[in-house]
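Below is one structure, written out as structure tokens, with a few remarks after it.
The values are calculated or read from the model by the stated rules, or taken from the named source; none is laboratory data. Note that this is a predicted model, so its numbers are computed, not measured. Please note: Cβ atoms are built from the backbone with ideal geometry, for glycine as well, and neighbour counts cover all protein chains shown. Protein only, heavy atoms only, side chains kept; ligands, DNA and RNA dropped before computing areas. Shrake-Rupley method; radii C 1.70, N 1.55, O 1.52, S 1.80 Å.
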Amino acid sequence: MNVDYRGVYQRSLLGGLGGLVGWAMITVFGVNSSNVYLMDLWTGALVGISMGICSGAWEGIFRSHSARRTIQGARTGAAIGVLGGMLGLILGEVIHSISGGGLIFRALGWAIFGALLGINEGVSRRMVTKMAFGAYGGFLGGLMGGSTYEWLFGICRLVLPRQLSQAVGGAIGLVILGLFVGAMIGLVEDLLRAAWLLFLNGRLEGQTRTLDPLKQTTVIGRSDQAEICILGDPGVLSRHVQIQPEAGRFTLQPLEGSVVVDRAGSQLTVTSEVLQP
């Protein structure tokens, strides 16, 4: 097991930022309505788009350092976030009404939102395993963060004037929600994944990349079209190598000629190599 704590921290940071931006958007563009479901739809859309953009942009900003992938991820995250926010809050309201109330039931709506938000990176990268990990992590993060959010909101209502309680409780609660969702999406993936690559040196030293055993090929290269992008490294070709799952193992194959690998302390030029644990 290799937990990429830097990645978990970065995801959490962007999640918290998304929650804060969501609160600001609610403050500026929020509407008052007697229809609670209409309010949930609008609130979910605003929070969803802000957290979705921040969550989706993580890979492009911190991993591949690619403007194209940042925009692509943010766009996908925004679309999924809007749908997830509206659906999650509406279902949470329905569950809350049917159950007769209770903090945990309302938090289930945030958990559903978190689960949908968590799939956006897997959708962008077309990785089924990553989608599943993201959904698990997002659900747990949404449940924990949503419970904390609802609890804080309730406390603020008891001790502060109505308008101030909405502002303070909403801001702190949504930031905490984003922190939990972002952190759990990264942490659950690191804990559950079966295989990953670890960078041993260079500017990506210490970072990891999850390998999907359900994906036929994973291309590594300097191009931002590659699944694993090492942008700006002159020692890496645009499409350098590909990794293929074969009977529980992962085989590395050069895409242009051969590559040099280090095995048992010596460097070898190979055209195919089974990756070691």
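Quick check: the distance between the Cα centres of region 68-140 and region 163-221, to the nearest angstrom?
14 Å
Test of understanding: express the Cα radius of gyration of region 147-277 as a ratio to 2.2 N^0.38 Å, with N the residue count.
My calculation over the Cα atoms of region 147-277 gives 1.62.
Show that you can apply the helix-only estimate: for the chain, add -39,500 (n - 2.57) for every DSSP H stretch of four or more residues, divide by all residues, and state [θ] at 222 nm to the nearest 500.
It comes out at -21000 deg cm²/dmol, rounded to the nearest 500.
What does the convex hull of the Cα atoms come to per residue for the chain, in Å³?
128 Å³
Return the FRET efficiency for the residue pair LEU200, THR269: r is the Cβ-Cβ distance, R0 is 22 Å, and the value is rounded to the nearest 0.05.
For R0 = 22 Å, the calculated efficiency reads 0.70.
Taking only protein heavy atoms and a 1.4 Å probe, what accessible area per residue, in Å², does region 59-211 have with all protein chains in place?
44 Å²
From a point 7 Å beyond the Cα of LEU103 in the direction of its Cβ, which residues of region 166-193 have a backbone N at a distance under 19 Å?
Within reach of a label on LEU103, which here means backbone N under 19 Å from a point 7 Å along Cα→Cβ, region 166-193 contributes 166-181.
What part of the accessible area of region 73-126, given as a whole %, is carbon or sulfur when the probe is 1.4 angstrom?
Carbon and sulfur: 73 percent of the exposed surface of region 73-126.
When the Cα atoms of region 1-96 are enclosed in a convex hull and the volume is divided per residue, what value in Å³ results?
Residue-normalised Cα hull volume stands at 108 Å³.
For the pair VAL36 and ILE155, what calculated FRET efficiency results from E = 1/(1 + (r/R0)^6), where r is the Cβ-Cβ distance and R0 = 22 Å, to the nearest 0.05?
The formula returns an efficiency of 0.55 here.
Rounded if a/c is under 1.5, else prolate if a/b is larger than b/c, else oblate: which is region 163-210, with a ≥ b ≥ c the root eigenvalues of its Cα gyration tensor?
Oblate, since a/c reaches 1.5 and b/c is not below a/b.
Show log10 I(q)/I(0) for region 98-214 at q = 0.20 Å⁻¹, two decimals, from a solvent-free Debye sum over equal Cα scatterers.
Each listed q maps to, in turn, -0.99.
How do 199-206, 55-62, 66-73 rank on mean C-beta neighbours within 10 Å, highest first?
Going by the mean number of other Cβ atoms within 10 Å, highest first, we get 55-62, 66-73, 199-206.
When the chain is fully extended, how far beyond the present Cα-Cα distance does VAL94 get from ARG68, taking 0.36 nm per residue of separation?
Here the segment from VAL94 to ARG68 would lengthen by 5.5 nm.
Let's see if you can work this out: charge +1 on each Lys and Arg Cβ, -1 on each Asp and Glu Cβ, no other charges. What is the dipole magnitude of the chain about its Cα centre, in debye to the nearest 20?
Here the size comes out at about 240 debye.
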